[in-house]
1. All but one of (1) basic (Lys, Arg); (2) surrounded by fewer than 16 Cβ atoms within 10 Å (Cβ to Cβ); (3) within 15 Å of the chain's Cα centre (by Cα) hold for residue 14, so report the exception by its number.
2. What is the number of the single condition among (1) within 25 Å of residue 118 (Cβ to Cβ); (2) at pLDDT 95 or above that residue 27 does not meet?
3. Among the residues that make up the range 74-86, is at least one of them farther than 22 Å from residue 25 by Cβ and part of a loop (DSSP other than H, G, I, E, B)?
4. Scan the range 47-74 residue by residue and report those that are surrounded by 24 or more Cβ atoms within 10 Å (Cβ to Cβ) and of a type in the set (Gly, Ala, Ser).
5. Go through 38, 83 for me and flag whichever is buried (at least 24 other Cβ atoms within 10 Å of the Cβ), free of Cβ contacts under 8 Å to residues at least 40 places away in the same chain and either over 17 Å from residue 166 (Cα atoms) or out of contact with any strand residue (DSSP E or B) (no Cβ under 6 Å at 6 or more places or on another chain) (or both).
6. Give me a count of the residues in the range 102-137 that are under 26 Å from residue 63 (Cα atoms) and charged (D, E, K, R).
7. If we scan the range 54-64, do we find a residue that is at positive phi and not β-branched (Val, Ile, Thr)?
Amino acid sequence: MGGAPTAWEGRYAKSTQQVKAAQDELNRFYALRDAAKAAFEVGKTDESKQYAQALLDLAPTYRSDWNYGNAIHDGHMVLGRVALKAGEVEAAKRELLLAGATPGSPQLDSFGPNMSLAKDLLEHKETDAVVAYFALCAKFWELERGNLKRWSILAKAGEMPDFGANLLY
């Protein structure tokens with residue numbers, strides 16, 4: 001009686017198929033990013049960890065590619081979410097800061113990064129790490145329109161920012 005797939009289930013099906021169908025390493029590199037995020041969202045934690053690690057392992061080969069910054073950010077973000085789910089808070093905080101150390105990308109510089117791990121850590125009252133991450137994001141997110149400052153103020157006040165679409169990218 002299952003209904004229509006959720007957006008994440010659809011992304012998972014599409015991206016994992018793209019990973020499997022990739023004819024070369026570059027296309028696999030492109031597909032792994034969404035596969036890692038979608039696998040986590042649909043509860044396939046081990047698979048998401050494998051995809052994220054594979055993405056990070058391939059990233060140095062594509063340092064000059066437009067997707068390199070996305071790979072660094074999202075690979076570490078997913079590994080952090082996996083660590084946090086396993087109760088490894090310190091590892092999750094390290095991964096968050098590694099995600100924020102990305103050089104950026106066309107997408108990150110304009111739309112900004114996925115804030116799922118930041119949200120997860122704020123739910124665990126890890127405000128200092130999240131505010132430090134926001135400061136790192138300010139180095140590449142050119143079109144952030146004051147979001148990072150507003151989110152920092154809210155986080156320091158013990159409130160959860162509304163990350164909006166930045167939970168989906």
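The values are calculated or read from the model by the stated rules, or taken from the named source; none is laboratory data. Keep in mind the model is a prediction, meaning the values are calculated, not measured. Backbone-built Cβ (ideal geometry, glycine too); neighbour counts: all protein chains shown.
1. Among (1) basic (Lys, Arg); (2) surrounded by fewer than 16 Cβ atoms within 10 Å (Cβ to Cβ); (3) within 15 Å of the chain's Cα centre (by Cα), the lone unmet condition for residue 14 is (3).
2. Checking residue 27 against (1) within 25 Å of residue 118 (Cβ to Cβ); (2) at pLDDT 95 or above, the one that fails is (1).
3. yes
4. Filtering the range 47-74 down to residues surrounded by 24 or more Cβ atoms within 10 Å (Cβ to Cβ) leaves 48, 51-52, 55, 70-74.
The answer is 48, 52, 71.
5. On the way: 83 fails: buried (at least 24 other Cβ atoms within 10 Å of the Cβ).
Residue meeting the stated conditions: 38.
6. Count: 1.
7. Keep residues of the range 54-64 that are at positive phi, which gives none.
Checked the range 54-64: no residue is at positive phi and not β-branched (Val, Ile, Thr).
Matching residues to (1) touching a strand residue (DSSP E or B) at 6+ places or on another chain (Cβ under 8 Å); (2) hydrophobic (A, V, I, L, M, F, W, C); (3) crowded, with 19+ Cβ neighbours inside 10 Å:
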residue: 89; (1), (2), (3): no, yes, no
residue: 103; (1), (2), (3): no, no, no
residue: 115; (1), (2), (3): no, yes, yes
residue: 143; (1), (2), (3): no, yes, no
residue: 165; (1), (2), (3): no, yes, no
